[in-house]
Amino acid sequence: MIKRRRIKILYLIKLTFFIVSCFFIASYSYDFLIKTLLEKTDTLSAVYRFAADKYSINILIDTYGVGAGLGSNRPSSFLTFLISTLGIVGLFIFIILIFMQIKISLIKINYEYKITPFIFLFISTLVPMIIGIPDIDFQMLWVNWALLAFITSISYENLETLRTKDI
C-alpha cells in the first residue's frame, strides 16, 4: 500500500514538473501566444468559425435537442459537431463511453503502469478535437481509442487474480 502511494506521489511530482516546464516554455514565447490566442479572434476566420458554432447551437434548439443527424452540419469544433448532429442524448452517450474507457484504464493503472502513456495519448488526441477538429471520422481518435481499449483489455482477466492476491 505504501509503495502505491509513493508511485502516485511520483506521478504527481512528474505532472507538476511538466506543467511548470510548460509555463516556462510559454513565457519565452509570450508574444507568439498572445498573437495566436487573443488577436486571432479579430480575424475574419474566427468570425466564420464562431458563426458556424452558433449555427450548430441553433440546430440543436430547432431539433428540440435531438440533433439533425450525422453529416448534416460541419461546425468548427468536435463538441459543437456532436451537439448539433447527435443531440443531447448522443453527446451524453459519447461522453459516458469516454469516461468509462478512461475509468477502466485508470483502474488498470493500479496494476500495470505501462498503460499510462496510452491514456495520455487518447486524451491528447481528444482535447484538440473538442476545440478545433470537427471530424467524427478523424482516424487518430479511433485508432488511439482502440489502442487504449486493447491495451486495457489484454490482461483484464488477470486483474481479478491480482485483486485477490492483495487481500
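A Cα-only calculation for the range 42-100 places Rg and Dmax at 12.0, 39 Å.
L82: net charge of surrounding residues, Cβ under 14 Å, Lys/Arg +1, Asp/Glu -1, itself excluded?
Here the charged neighbours net out to -2.
Between I98 and L44, the C-beta separation translates, for a Förster distance of 30 Å, into a calculated FRET efficiency of about 0.35.
Once the chain from A51 to V66 is taken as fully extended at 0.36 nm per residue, the excess over their C-alpha distance is 3.3 nm. Taking Cβ atoms as reference points and 15 Å as the exclusive limit, the residues near T125 contribute a net charge of -2, counting Lys and Arg as +1 and Asp and Glu as -1.
Here, each number is a calculation from the coordinates, and none is a lab measurement. Keep in mind it's a predicted model, so treat the numbers as computed, not measured. All Cβ positions, even for glycine, are placed from backbone atoms using ideal geometry, and neighbour counts span all protein chains on display.
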